[in-house]
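Taken together, the values in this text are just the output of simple stated rules run on the coordinates, not laboratory data. Note that the structure is a prediction, hence the values are computed from the model and not measured. Glycine also receives a Cβ, built like all others from the backbone with ideal geometry; neighbour counts cover every protein chain displayed.
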Amino acid sequence: MSTTGTAPSDAQFASVLDVRRFVNDSIKDTAERFGADSASTYEFVCECGDLRCRQLVKLTLAEYNEADAGSVRAH
């Protein structure tokens, strides 16, 4: 990300979104590995397009898994 106040490049933007998705997939994988129950909610990193966003999104694993491939989980 740029620290000079200029807009991030497309590559920087895609990289940040890829990292957020990797983190969320890791949360899901870890929860499944340790026998998560279907009613539990987990805090995932918001995948909205705002690179400054630091919000968390609470979802069950079923909600996380039902999102279409390529869609975002956002506030």
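Taking the Cα centre of region 10-66 as origin and assigning +1 to Lys and Arg Cβ atoms and -1 to Asp and Glu Cβ atoms, the resulting dipole is close to 220 debye.
With r defined as the distance between the Cβ atoms of ALA11 and ALA36 and R0 fixed at 35 Å, what FRET efficiency is calculated, to the nearest 0.05?
Using R0 = 35 Å, I get an efficiency of 0.55.
A crude spin-label estimate for the pair ASP29 and LEU56, with each label 7 Å from Cα along the Cβ direction, gives 2.1 nm.
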